[in-house]
Structure formats: C-alpha cells, structure tokens
Amino acid sequence: MALTVVLVDDHTMLRQGLRRALESEGIEVVGEAADGDEGVRVALATNPDVVLMDVSMPRTDGIDATRRLLAERSEMRVVMLTMHIDREVFDSALKAGAVGYVTKDSSVTEVVEAIRLAANGDRAMSPRLAEALLAAARHDTGGIISTREEEVLQLVADGLGTNEIAERLYISHRTVKNHLASIYEKLNARDRTQAVLMAVKMGIVKLT
C-alpha cells in the first residue's frame, strides 16, 4: 500500500513539481493546500501518513498549522519544508510537534527519505540542515553534546548495552543512564534508535 501525503505550500508550481516527483516514487498525494488553515482542513479530511508542510505561508504559517493539526490529531506526522536554515524556526517546528525538517533545495531522494522515515515514526532532517545546525550548535555552545556523551552515543551505535558501556568507559550504570537522558534531550530523541539516527545524520557518530 502506497504512502499517502498532503502537500501544504503557497507556491503552486512547487506543489505541482513535488506531486510529480513523489508520485514517480510511488507516494500518493491525497491532497494539497496553499496556506496553513487550508492545510489543517485537508489533512484532517484525508488523514495522510505524512503532511509535508511549508514553514512560511500567508495567514497561518506552517508552525502554527502544525500545532493546530496535532492538537486535533496527535498521531499525524508532519515534515516541515523550508527555504532557509534557521535554528530558531527549527526549534519552534520541533516544539510544535514536527518530526522532520527538510530544505527546499534537497534532492527528491532526500525528501522521499524524510517522508518514509516520518511515516515509520522516525525523525528526518536534510543533510545540509543537519550540518549547518551542528556547526552552529558547536559554535554557540562549544558542542551540542559533550565528548563523553559522544563516546556513549558511539558505543550505543556499536550495539553495546548500558552495562557494557559502563564497563568499557569505567563509569557506573547510573552515569551511563544520565548521559543517555542528556543525549535524548539535546537531540530531541525519544529512544536509543532515534538518537543514533539523528547523530549519524549530524555526523556525530558513525555506524560500523
């Protein structure tokens, strides 16, 4: 069964191009909207697997629309689409409940991957955005996660459990759990798998 998507963007040509690209990849576009208000109505009426939502639109922007949509139907998966990389907007989108964030200069492959990840319950981010956010975070804070947290996360990516990580790093089981909790918060991840996926996209860890 094909994945279903609603496209919400105020540029008709962009929506038409996205529709053709997605349908060529076997993704069914079940609705379109030109602003946030209409996007909420169409998404609620069609109940797609994923809503691809532009950030900047007249009347109601994508972030407000996402917040309203998820207040009505919390299980809906929203991927934000934007022209610009902006940490403040990115954070606002995540707080509104979006599970993905891709830039409009992303390839069709990247957009399709983001949609499929979102539909499967994972978070998705375009590589260019991930690199820019990581660079900004490291510049602003000296590192989005600490060196020790990177070590813990790499061991998680290598498949080690909590006890094994504690033994490898000569720290307590509780300390490992504290590091993991901090990692989840900083990466806005709900579990180990999601944290590793985000960290791989951001270039923090590598899968071996």
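The numbers here are math on the coordinates, done by the rules we state, and not lab data. As the structure is a prediction and not an experimental result, all values here were calculated from the model. Don't worry about glycine lacking a Cβ; one is built from the backbone with ideal geometry, like all the others, and counts go over all protein chains shown.
Restricting to DSSP loop positions (anything but H, G, I, E, B) with no more than 12 other Cβ atoms inside 10 Å of their own Cβ, which GluC sites (Glu not before Pro) remain in the range 53-134?
E75
Size of the dipole of the chain about the Cα centre, Lys and Arg at +1 and Asp and Glu at -1 on the beta carbon, nothing else charged, in debye to 20?
Dipole size: approximately 460 debye.
Would you mind checking the tilt of helix 36-46 against the longest principal axis of the Cα atoms of the chain, expressed as 0 to 90 degrees and rounded to 10?
Roughly 90 degrees, rounded to the nearest 10.
On alpha carbon coordinates alone, what is the Rg over Rh value for the chain, Rh being the Kirkwood radius? Don't skip to the answer; put the middle values down first.
Values: Rg = 18.2 Å, Rh = 17.8 Å.
With Rh from the inverse mean 1/r over Cα pairs, Rg/Rh is 1.02.
Using Cα atoms only, what is the angle between the long axis of helix 62-72 and the major principal axis of the chain, expressed in degrees (0 to 90) to the nearest 10?
90 degrees
Would you list L69, L44, L52 from fewest to most Cβ contacts within 10 Å? Don't skip to the end; give the middle numbers.
Values: L69 25, L44 14, L52 29.
With the sparsest Cβ surroundings first, the list reads L44, L69, L52.
When the chain is treated as a GNM, springs tying every alpha-carbon pair under 10 Å, which of A34, A98, A119 comes out with the largest mean-square fluctuation?
A34
If you build the convex hull over the alpha carbons only and average its shadow over all orientations, what do you get for the range 164-205? Give it in nm² to one decimal.
On the way: hull surface 11.9 nm².
Convex hull of Cα atoms, orientation-averaged projection: 3.0 nm².
For the chain, take the longest principal axis of its alpha carbons; what is the angle in degrees between that and the long axis of helix 108-119, to the nearest 10 within 0 to 90?
70 degrees
Give me K104, K201, K206 ranked fewest to most by other Cβ atoms within 10 Å of their Cβ, as a rough exposure proxy. Each step should come with its number before you reach the end.
Details: K104 16, K201 19, K206 10.
Ranking K104, K201, K206 by Cβ neighbours within 10 Å, fewest first, gives K206, K104, K201.
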